[in-house]
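Visitor: Shown below is the structure under consideration.
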Amino acid sequence: MKSTNSPRRYRRLLGLVAAPVAAALLFSGCSSGGSEPSGDDSGAPLTDVTMLLNWLPIGEHAPLYYGVELGIFEKHGINLTIQSGSGSTKTIQAVGQGQADFGWADTALLAANIDKGVRAKSLGVYLQQSPAAVQVWEDSDITKPEDIAGHTIAVSAGDGPTVMFPYYLDAIGVDQSSVTQQNLDAAGKISAVLSGQADGMIGFASDAGPTLEEQGGKKLRYFYYRDAGLTWYSNGLITGDDMIADHPDTVQAMVDAVSESFAAAVEDPEAAAASTTGKDPGFQSPEVVLSQWKQTIDFLHTDRTADDAPGVNTPEDWQDSLDLLAKVGLIESAGDVTKYYDGSFADNVGK
């Protein structure tokens, strides 16, 4: 599927943004329900809000830091605290229990946790096409997807790209038995490819790919799952059911600010990447962050949302994703979309 993104179309979403402000990003502690206002230099009240990431920050999170730097969150009345996470499941559970106001998490894991009783919702998926890909060195003998046959590919059992891998192989006409899968954690996959123990790896191209290229000193070739017709909703903004019920104005402000921040970061990827410098020790070099974010941009929309603001979803795309996730066993069944997604806030973005 070709890219559906045109940076020029975001300009209509970007009003006059406040000049960069000195914003302190804290990385521990949580606020409660955004109920304790602080103030800016003008005395206008701000609502303290926590955002818990799904993991250590990478390029796809750069817009959040850029939005703080530009004063977008402050413009919407939010004093944002961004915290590193330790996996989407823990983030989802923390948000559902009110230990963090908002989170950034994987949609499949969100749906699975909601099915288990966690009281949380998606407010909008931002990576609307999966960046899952088989990643091999550009100078390898694997020049097309079918060449994967007869090679060793590093995988991580249980994660989305690995669960989907057999379906990808079926889609490209490769017998599963012809591919040796080496099960490793994220760091181990990179080490295996660098050492030559694996001929390639699978994972998010917008995450591990730029890291591997920097460490290996050469370029990768990416075989995206979506090019084989296999894609699903990935990461996005979530909050708890209680937050939606008790603080709808804060939720709307947060949805507006995050969408506007992503639009701004699409307009100026270099500035967005630069804004992460010194903000969190989890970030890699600005060059890697920039490469990660530029790759992420290509996955922000589907054909159905090509003309919409970042984070605006359609029920049809949600249903397609839920159906696929249920088919491969990442969730038990494809329930009603509204069980997992509250689109009433994203529908108001830019209005």
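The values are calculated or read from the model by the stated rules, or taken from the named source; none is laboratory data. None of the values given here were measured: they were computed from a predicted structure. Here the Cβ positions follow ideal geometry from the backbone for every residue, glycine too, while neighbour counts run over all protein chains shown.
Visitor: Are there any pairs with C-beta distances below 8 angstrom linking a residue in segment 263-281 that is assigned by TED's automatic domain parsing to the domain that holds HIS301 to a residue that is in a loop (DSSP other than H, G, I, E, B) and β-branched (Val, Ile, Thr), with the two at least 6 apart or on different chains, and if so which?
Guide: If the second residue must be in a loop (DSSP other than H, G, I, E, B) and β-branched (Val, Ile, Thr), the pairs left are ALA264/VAL17.
Visitor: To continue, here is another question. Would you pick out the residues in segment 73-107 that are surrounded by fewer than 24 Cβ atoms within 10 Å (Cβ to Cβ) and more than 27 Å from GLY160 (Cα to Cα)?
Guide: Listed by number, the residues that qualify are GLU74, LYS75, HIS76, GLY77, ASN79, THR81.
Visitor: On the given criteria, is ASP241 more than 21 Å from PRO145 (Cβ to Cβ), free of Cβ contacts under 8 Å to residues at least 24 places away in the same chain and either among the acidic types (Asp, Glu) or crowded, with 19+ Cβ neighbours inside 10 Å (or both)?
Guide: Values: more than 21 Å from PRO145 (Cβ to Cβ): yes; free of Cβ contacts under 8 Å to residues at least 24 places away in the same chain: no; either among the acidic types (Asp, Glu) or crowded, with 19+ Cβ neighbours inside 10 Å (or both): yes.
For ASP241, the condition - more than 21 Å from PRO145 (Cβ to Cβ), free of Cβ contacts under 8 Å to residues at least 24 places away in the same chain and either among the acidic types (Asp, Glu) or crowded, with 19+ Cβ neighbours inside 10 Å (or both) - is not met.
To keep it simple, each residue is scored yes or no on (1) without any contact (Cβ under 8 Å) to a residue 12 or more places away in the chain; (2) hydrophobic (A, V, I, L, M, F, W, C); (3) part of a loop (DSSP other than H, G, I, E, B).
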position	(1), (2), (3)
ILE114	no, yes, no
VAL134	no, yes, no
ASP141	yes, no, yes
TYR168	no, no, no
ALA187	yes, yes, no
SER191	yes, no, no
GLU214	no, no, no
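Visitor: Out of all the residues in segment 175-206, which are crowded, with 19+ Cβ neighbours inside 10 Å, out of contact with any His (no Cβ under 9 Å at 6 or more places or on another chain) and not small (Gly, Ala, Ser)?
Guide: Within segment 175-206, LEU184, LYS189, ILE190, VAL193, MET201, ILE202, PHE204 meet the criteria.
Visitor: Tell me, which helices (runs of 4 or more DSSP H) wholly within segment 238-347 include 1 or more residues that are touching a Lys or Arg at 6+ places or on another chain (Cβ under 6 Å)?
Guide: Filter on segment 238-347 gives 241-246, 269-274, 315-327.
Visitor: For the subset of segment 143-158 comprising residues that are in a helix (DSSP H, G or I) and touching a Ser or Thr at 6+ places or on another chain (Cβ under 9 Å), which member is surrounded by the most Cβ atoms within 10 Å (Cβ to Cβ)?
Guide: By that ranking, first place goes to ILE148.
Visitor: Only one residue in SER122, SER86, SER130 is part of a loop (DSSP other than H, G, I, E, B), in contact (Cβ under 8 Å) with a residue 40 or more places away in the chain and hydroxyl-bearing (Ser, Thr, Tyr), so which one is that?
Guide: When all the criteria are applied, what remains is SER130.
Visitor: I want to confirm something. Restricting to segment 46-72 and keeping residues that are within 19 Å of the chain's Cα centre (by Cα) and closer than 18 Å to ASP249 by Cα, which single residue is surrounded by the fewest Cβ atoms within 10 Å (Cβ to Cβ)?
Guide: Per the criteria, the residue is THR50.
Visitor: Give me the residue from segment 145-174 that is touching a helix residue (DSSP H, G or I) at 6+ places or on another chain (Cβ under 9 Å) and polar (S, T, N, Q) and, out of that set, farthest from GLY87 (Cα to Cα).
Guide: Here the answer is THR152.
Visitor: Looking only at segment 23-33, decide whether some residue is in contact with a Leu (Cβ under 8 Å, 6 or more places away or on another chain), of a type in the set (A, V, I, L, M), at pLDDT 50 or above and not assigned by TED's automatic domain parsing to the domain that holds ALA186.
Guide: Checked against the condition, which is being in contact with a Leu (Cβ under 8 Å, 6 or more places away or on another chain), of a type in the set (A, V, I, L, M), at pLDDT 50 or above and not assigned by TED's automatic domain parsing to the domain that holds ALA186, segment 23-33 yields no hits at all.
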